[in-house]
Amino acid sequence: MAQQIIHAYTDTVTADPVDALNLDDGTAVDAFLHQPLWRTPTWDDYRQLAAESEYAAWVIYNRYYLNHFTISVHNLPSGYNTIADFNRFLEKHGFQLNDAGGKIKTSADGKLLQSSTVAEMVDAVFADGMGGTVVKRISGSYVEFAERRVLDEFQHLKPEEITRAHRREGFEAANADKIFESTYSGQTQKRGNQSNNG
């Protein structure tokens, strides 16, 4: 069923629209990210797709829109430049963090630490299947935070000597899986419960 729903929308895209986009033109890129690639999904299609994959449902509605962006906390001033410190700062100011797999997701080598906010719920306009529209609350975007620690062979360097090349690169699939849950109802419903209880 999910494949049928996805193809019903995406089959209208017959060529990669990015091929015609000037990636050096910021205005054109911004406009592209805010234009639909396929028709607005119906609420029923969205719900059916979400039952199989919440992320697929997010994409069928949002298309190329920004799912999240990442802040490299290791580049921030002391007191904010570790995931632990930055998470404390965020929670002190009322931000809800994704706790799927723990608030801090750590790579096996301990050199990549990640966390993220839980997506805010936003009003989304869906087709109602009868020529009209219906507004429903769905998860929006979120912010990810990453701390890339200095590799063992560069531990002798002074802080001012450390560059990006001295830090842990790459991503971890296990971490990413949990970070992507920032838009899932299992996380966003906790936000609603905390608001109702707080």
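The values are calculated or read from the model by the stated rules, or taken from the named source; none is laboratory data. All values reported here derive from a predicted model rather than from experimental measurement. Quick reminder, even Gly has a Cβ in these numbers, built from the backbone with ideal geometry, and neighbours come from all protein chains shown.
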* Asked: Just a yes or no: is a residue in the stretch 163-183 among the hydroxyl-bearing types (Ser, Thr, Tyr), at pLDDT below 95 and within 30 Å of ALA51 (Cβ to Cβ)?
  -> yes
* Structure fact -> Here the qualifying pairs (Cβ atoms under 7 Å; residues six or more apart or on different chains; first in the stretch 90-113 and over 21 Å from ARG148 (Cβ atoms); second part of a loop (DSSP other than H, G, I, E, B) and modelled with pLDDT under 95) come out as none
* Is it the case that TYR9 is among the hydroxyl-bearing types (Ser, Thr, Tyr), part of a helix (DSSP H, G or I), touching a strand residue (DSSP E or B) at 6+ places or on another chain (Cβ under 9 Å) and buried (at least 16 other Cβ atoms within 10 Å of the Cβ)? -> no
* Could we say that LEU33 is exposed (fewer than 15 other Cβ atoms within 10 Å of the Cβ), hydrophobic (A, V, I, L, M, F, W, C) and without any contact (Cβ under 8 Å) to a residue 40 or more places away in the chain here? -> yes
* Can you find a residue in the stretch 62-83 that is under 25 Å from VAL118 (Cβ atoms), modelled with pLDDT of 95 or more, touching a Leu at 6+ places or on another chain (Cβ under 8 Å) and part of a helix (DSSP H, G or I)? -> yes
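Which ones in the stretch 152-190 are among the basic types (Lys, Arg) and either assigned to a helix (DSSP H, G or I) or surrounded by 10 or more Cβ atoms within 10 Å (Cβ to Cβ) (or both)?
Correct list: ARG164, ARG167, ARG168, LYS178, LYS190.
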* Please work out which residue is surrounded by the fewest Cβ atoms within 10 Å (Cβ to Cβ), limiting yourself to the stretch 67-84 and to residues that are within 19 Å of ASN175 (Cα to Cα) and of a type outside the set (S, T, N, Q). => PHE69
* Among the residues of the stretch 108-116, is any within 19 Å of SER185 (Cβ to Cβ) and surrounded by 13 or more Cβ atoms within 10 Å (Cβ to Cβ)? -> yes
* Within the stretch 123-141, can one find any residue that is touching a residue at least 40 places away in the same chain (Cβ under 8 Å), surrounded by 16 or more Cβ atoms within 10 Å (Cβ to Cβ), under 17 Å from ALA84 (Cα atoms) and of a type in the set (A, V, I, L, M, F, W, C)? -> no
* Lone unmet requirement of (1) touching a strand residue (DSSP E or B) at 6+ places or on another chain (Cβ under 9 Å); (2) of a type outside the set (S, T, N, Q); (3) at pLDDT 90 or above for LYS158 -> (1)
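Here is a yes/no grid of residues against (1) in contact with an Asp or Glu (Cβ under 8 Å, 6 or more places away or on another chain); (2) among the acidic types (Asp, Glu):
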residue: ALA57; (1), (2): no, no
residue: HIS68; (1), (2): yes, no
residue: ASN81; (1), (2): yes, no
residue: ASP85; (1), (2): no, yes
residue: ARG88; (1), (2): no, no
